[in-house]
Amino acid sequence: MQGLKVTLAERERSYPVYIGRGLLEGLGEFSRREKFPKRVAVIADSTVARLYGQAALSSLEGAGHTAELLSFPAGEASKTLGTAQVLYEELLERGFDRGCGVIALGGGVTCDLAGFVAATYMRGLPWAAVPTTLLAQVDAAIGGKTGVDHRKGKNLIGAFHQPSFVLVDPAVLSTLPQRELHAGLAELLKTALIGDADLFRLAEQQLSTVLSGELSPLEEAVARAVRVKAEVVSRDEREGGLRRILNFGHTLAHALEAATNYRYFLHGEAVAWGMIAATWLSWRRGLLEEAEHKRIERLLLKLSKPPLPEVSSEALLEHLRRDKKIVAGRLYYVLLRGIGEAVVEGGVTEGELLSAWEYIRTVEEGSSRNPSPLPRHPSRILVLHGPNLNLLGEREPEVYGKMTLKELNRALEDFARERGIELRIFQSNHEGVLIDLLHEHRGWADGIVINPGALTHYSYALRDAIAAVGLPTVEVHLSDIHSREPFRRTSVIRDVCIAQISGKGLGSYLEGIEVLRKEEKGAAGAG
Ligand SMILES: NC(=O)c1ccc[n+]([C@@H]2O[C@H](COP(=O)([O-])OP(=O)(O)OC[C@H]3O[C@@H](n4cnc5c(N)ncnc54)[C@H](O)[C@@H]3O)[C@@H](O)[C@H]2O)c1
Ligand SMILES: [Zn+2]
């Protein structure tokens, strides 16, 4: 098994990126060839673990590695220190030491999070990335930036930690949801626009084919995009600041994402709008020829993205100012001098930015877009299991039942999926971790189901956190706390919850979810 090989020369050392359809099967062989540690923790989100976890483990084991799968709930909301903490604990419990390695199997969230865990666990373990979204294959997995989000902003905590190798298998993109594919294509086109005119031409010829579901052209396209990013990142070492061109389309995109609370656009969708604006600005400033402007715009409009939201120009500027992107009324902006050639221009004015914003609104009206209403997000529910629930099935099964936590979580996920509800599920034995998780999900969750375990009897800190987060919360318990020891009847949390359900085992949780659903519908109806 060979695949194309791109070498990234970065900082202290270089590493290979292997690209080819079907390479996932050879993960074990590549790991052995790269002298990756024998014992490996494969970290994947819940979706990717289900789709590709087994394939990764089998391949690693077939090549003589010992591999274990660690997973966390899918989605950006998991990219936090809270999830890192849960992963550290799991690594410690399973006895992973400095001689082991981490493999990140998944999208950008997984690469950032697992890479960060690898960078920090026991002062750093070797890691490898197996990106499974198009965005991660052409962007997130390349360049050695790892990290997590903070309540105050994205990617605020992190480390540079170069992987030992990266394995890119475009075949796994066949299971990617359409929206994610389009968002990843936006980043791929960005790479073409800033550094590879041939890739842009290839996209002009093949984009419709790819959008119709025939993904084979992606193999060459991804390889080219990886090469461009590798080149930019490597040269940045010598020509400080070159890396900034990777932000083409991103200034406006970040403001749009922030102005819509990160709940409306996928990142790549916002970047597509940002690139349309930046391309227009490049033409307006006389950097780019009109014909090229039109060619670029035509291609970017083929990517589907939600319509522009109602955001006032003032609100957009406010986000840019808060981001310190605008200094004294001016900002640095990445523009195009041609297809495949980017420049960083200082001195773009607020006025120009507003004209670009006005412009993309007219483009939107002019294009044959289906003016569908804003997509309604499915209800999002945070499920927290407190102390000792990791021992479910083993600890006093006559009281708590024989079902393990894994089985219980799977049942919850099935129940939620059938109802179009998104769940994030966490367990921790630590009061502080549960509180952090509550805080971190403030912007994400519509409601909370929490089994606080025995913390319910005395944790005023947990009670205050639930009150502070201000989301409808249901307290649940597996056993009937009212028919057990007297101390179990006290709950200091009950009065900040909309309901308390106990004694129904798994049913307590399911009922909790139903209560939240009704609450939400009621709230929507009232509004
Ligand atoms: N480190 C960097 O240089 C860098 C660069 C760009 C973006 N990022 C980060 O990347 C993140 C976004 O990455 P993303 O868009 O890949 O998000 P993601 O990792 O959340 O993946 C998106 C969704 O696709 C699912 N998925 C992944 N692979 C799949 C497959 N093959 N089939 C079916 N479903 C699959 C995931 O479970 C998830 O629900 C952001 O947090 C961003 O900050 C980092
Ligand atoms: Zn991006």
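This ranking places Thr260, Thr251 by how few other beta-carbon atoms lie within 10 Å of each, fewest first, which gives Thr260, Thr251. Going down the table (Lys402/Lys504; Lys5/Lys35; Lys79/Lys145; Lys152/Lys229), which pairs top 20 Å between alpha carbons? Pairs exceeding 20 Å: Lys152/Lys229. Highest mean first, the peptides 508-517, 381-390, 414-423 sorted by other C-beta atoms within 10 Å per residue fall in the order 381-390, 508-517, 414-423.
Counting only DSSP beta bridges with both residues in the chain, the antiparallel share comes to about 35 percent. Placing unit charges on the Cβ atoms only, positive for Lys and Arg and negative for Asp and Glu, gives segment 197-242 a dipole magnitude near 80 debye about its Cα centre. Oblate is the label for segment 437-527, because the ratio a/c of its alpha-carbon gyration tensor axes (a ≥ b ≥ c) is 1.5 or higher and a/b is not greater than b/c. Along the charge dipole of segment 97-214, pointing to its positive end and built from +1/-1 on Cβ of Lys, Arg, Asp and Glu, which listed residue (Ser212, Trp127, Leu202) has its Cα farthest out? The residue sitting most towards the positive pole is Trp127. Sorting Leu408, Leu316, Leu211 from the fewest to the most surrounding beta carbons within 10 angstrom yields Leu211, Leu316, Leu408. Does segment 218-366 classify as rounded, prolate or oblate by the C-alpha gyration tensor (a ≥ b ≥ c root eigenvalues; a/c under 1.5 gives rounded; else a/b over b/c gives prolate, otherwise oblate)? In terms of gyration-tensor shape, rounded. Taking θ as phi - 60° and the Karplus parameters 6.51, -1.76 and 1.60, the scalar couplings of segment 63-69 work out to 9, x, 8, 9, 10, 10, 9 Hz in sequence order, x denoting glycine and proline.
As a rough guide to protection, the peptides 427-439, 490-502 ranked by mean Cβ packing within 10 Å, highest first, stand as 427-439, 490-502. Cβ crowding within 10 Å, taken as a proxy for footprinting-reagent exposure, orders Thr191, Thr120 from fewest neighbours to most as Thr120, Thr191.
Give, as a single signed number, the net charge of other residues whose beta carbon lies under 12 Å from the beta carbon of Ser491, with Lys and Arg counted +1 and Asp and Glu -1. Cβ neighbours under 12 Å give a net charge of +2. Assuming charge only on the beta carbon of Lys and Arg (+1) and of Asp and Glu (-1), the dipole of segment 218-366 about its Cα centre is about 320 debye to the nearest 20.
So what is the relative contact order for segment 380-526, in percent, with contacts set as C-alpha pairs under 8 Å and at least six apart? Result for segment 380-526 is 25 percent.
Shape call for segment 99-233 from the C-alpha gyration tensor, a ≥ b ≥ c root eigenvalues: rounded (a/c under 1.5), prolate (a/b greater than b/c) or oblate? Because a/c hits 1.5 or more and a/b exceeds b/c, segment 99-233 counts as prolate. Mean residue ellipticity at 222 nm, helices only, the chain: -13500 deg cm²/dmol; runs of at least 4 DSSP H residues each add -39,500 (n - 2.57), and the sum is divided by the number of residues.
A Cβ-based charge dipole, computed about the Cα centre of the chain with Lys and Arg at +1 and Asp and Glu at -1, lands at about 460 debye.
We did not get these values from a lab; they are worked out from the coordinates using the rules stated. Remember, predicted model here, so these are calculated numbers, not experimental data. Positions of Cβ are generated from backbone atoms using ideal geometry, with glycine treated the same way; all protein chains shown enter the neighbour counts.
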